[in-house]
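Novice: The structure follows.
Every number here is computed from the coordinates shown, using simple stated rules; none is lab data. Everything numeric here is computed off the predicted structure, so don't read it as measured data. Heads up, the Cβs are rebuilt from the backbone with ideal geometry, glycines too, and the neighbour counts pull from every protein chain shown.
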Amino acid sequence: MKRIPRQSSALGVMDLFDVIGPSADLKLNDSGVLQTFLNSVSDAFTSAQGTPTLLHGRRVEAMFAYVAAALGKCIAIKEEDAGDLYASSTDLQAPDYRLILNDETEILVEVKNCHKRRLTAPLTFSPQYIQKLRNYEATFRRPVYVATFWSRWSKWSLVPLAKVPVRGNHFGFTMQEAMLMNEMRSIGDHMIATTPPLILRLFVDPVTMAAGQNRVIVRTRAVEMYCGGRKVEDKFEKKVVMYFMLYGGWPQRAPVEIQDGRLMWIDHVAEPEQPTPGQGFEMIDFMSGLISSTFTRYTVTDIGEIRLLKPRFDPDALRFDIPRDYHGEDVPLWRFEIFPSSLETSHEAEPAPG
């Protein structure tokens, strides 16, 4: 899916003038209007730059569009709240996005970022806010969903507005409740599993390690990959392993192999902290989580500072397509499509042979 720019930069500047102009009482034919306008933009930008919640919220909004596009079940995604809205009632709240799915279903999505520390801490909404979204839903005759990014766990949920429960004087849900109502499957999300550990092995020219030596210079002479103890030979399967290691949620460590006092190779090992005995595979993450981790790599620094609201490339670049008929030789794969608990079937497992 490609991003189609909405307009030229010149028209974008005029739209920005139209937004800022009324509050500063600016007119296009005013003397010195350009400098006044630039000062207003500078003040607004500085204020936004110093408001982390605003920046994180906007970045997560952009992330959802990239995730929905990369999951592969959308024909088109449009910013619904962009531009003016003219209506007979002002009691409306435009959701963030309009999605058209492959089956031509059309839905509206309001995106939220939640950074709660506890799984049981609810994300809440005022009755007025919910009612405005409901009014928009009724006016445009399209269902509204609330997409929430639970940022501490890098998980997405997609809950129909009609199912957002009442919590005392407010509406809302915890992450646990949202996952029970989660309909991310409808836009192509699924959970991925394979057999641990995943290993990237760097063979080096043998180097003698003296007693107490903690720093050596090495030269890599060969690279091998392993999945569940099996050496990975296929080129595509090597890409799968690398993708899971880079963006999956398994903890990593880097043991070394020393034989007769010489450093032989360095391993980068990814595996779950507590494997499930007798299961034969372990969950890596939802595909939406893998895509979000990739998105974050290009928009957030190593120390957590936002450097971009969205990557400077199309969502296609975040799509890692594993064919539905994938048959792994050395990298077995399981896909789990998670249904909301209100349906008779709570989950569906689809193992890929091999």
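Novice: For the charge dipole of the chain, defined by +1 on Lys and Arg C-beta atoms and -1 on Asp and Glu C-beta atoms about the Cα centroid, which residue among M181, T36, Y226 has the Cα displaced farthest towards the positive pole?
Specialist: With unit charges placed on the Cβ atoms, the residue in question is T36.
Novice: For the range 179-217 and the range 62-130, what is the centre-to-centre distance using only Cα atoms, to the nearest Å?
Specialist: Going from one Cα centre to the other spans 33 Å.
Novice: Per residue and in cubic angstrom, what volume does the convex hull of the Cα atoms of the range 51-187 have?
Specialist: Here the figure is 119 Å³ per residue.
Novice: Taking the chain as the reference, fit the longest principal axis to its C-alpha atoms, fit the long axis of helix 287-299 to the helix C-alpha atoms, and give the angle between the two in degrees, 0 to 90, nearest 10.
Specialist: Relative to the chain, helix 287-299 is tipped by roughly 80 degrees.
Novice: If you add up the charges near L92, with Lys and Arg at +1 and Asp and Glu at -1, over every other residue whose beta carbon is less than 11 angstrom from its beta carbon, what do you get?
Specialist: -1
Novice: What number of lysine-lysine pairs in the chain show an alpha-carbon separation below 15 angstrom, given a sequence spacing of 8 or more or placement on distinct chains?
Specialist: 6
Novice: Multiplying the sequence separation of D302 and R324 by 0.36 nm and subtracting their Cα-Cα distance, what value in nm do you get? Walk me through the numbers on the way to the answer.
Specialist: On the way: separation 22, 0.36 × 22 = 7.92 nm, distance 3.40 nm.
My answer for the length gained is 4.5 nm.
Novice: State log₁₀ I(q)/I(0) for the range 124-213 at q = 0.13, 0.15, 0.23 Å⁻¹ as given by the Debye formula over alpha-carbon point scatterers of equal weight, solvent excluded.
Specialist: -0.59, -0.71, -1.22
Novice: Among T194, W250, Q279, which residue has its Cα furthest toward the positive end of the charge dipole of the chain, with +1 on Lys/Arg Cβ and -1 on Asp/Glu Cβ?
Specialist: Working it through, the farthest residue towards the positive pole turns out to be W250.
Novice: For the range 51-187, with only Lys/Arg (+1) and Asp/Glu (-1) charged at the beta-carbon, what is the dipole magnitude about the Cα centre, in debye rounded to 20?
Specialist: The dipole magnitude comes to about 680 debye.
Novice: Another question, then. On a full-extension model of 0.36 nm per residue, what is the gain between E273 and R152, subtracting their alpha-carbon distance, rounded to one decimal in nm?
Specialist: Contour length minus the Cα-Cα distance gives 41.8 nm.
Novice: Output the 0 to 90 degree angle, nearest 10, between the alpha-carbon long axis of helix 52-71 and the longest principal axis computed from the alpha carbons of the chain.
Specialist: Helix 52-71 sits roughly 70 degrees off the main axis of the chain.
Novice: Could I ask something else about it? Can you tell me which of V232, V146, V216 moves the most in a GNM of the chain? Springs connect C-alpha atoms under 10 Å apart.
Specialist: The residue that fluctuates most here is V216.
Novice: Quick check for me: using +1 on Lys/Arg Cβ and -1 on Asp/Glu Cβ, what's the dipole size of the chain about its Cα centre, in debye to the nearest 20?
Specialist: 640 debye
Novice: State to the nearest 20 debye the size of the charge dipole of the range 1-77 about its Cα centre, where the only charges are +1 on K and R beta carbons and -1 on D and E beta carbons.
Specialist: Charge dipole, the range 1-77, about its Cα centre: 560 debye, nearest 20.
Novice: What nm distance separates the two modelled labels at T51 and I20, each placed 7 Å from Cα along Cα→Cβ?
Specialist: Reported label-point gap for T51 and I20 is 1.5 nm.
Novice: How far is helix 9-24 tilted off the main Cα axis of the chain, in degrees rounded to 10, range 0 to 90?
Specialist: Helix 9-24 sits at roughly 60 degrees to that axis.
Novice: Extension gain K235-M209, at 0.36 nm per residue separation less the Cα-Cα distance, in nm?
Specialist: Here the answer is 6.0 nm.
Novice: Percent antiparallel among DSSP beta bridges with both residues in the range 84-230, to the nearest 5?
Specialist: If we restrict to bridges inside the range 84-230, about 75 percent are antiparallel.
Novice: Calculate log10 I(q)/I(0) of the chain for q = 0.06, 0.10, 0.13 Å⁻¹, where I(q) comes from the Debye formula with a single equal point scatterer on each Cα and nothing for solvent.
Specialist: -0.30, -0.76, -1.13
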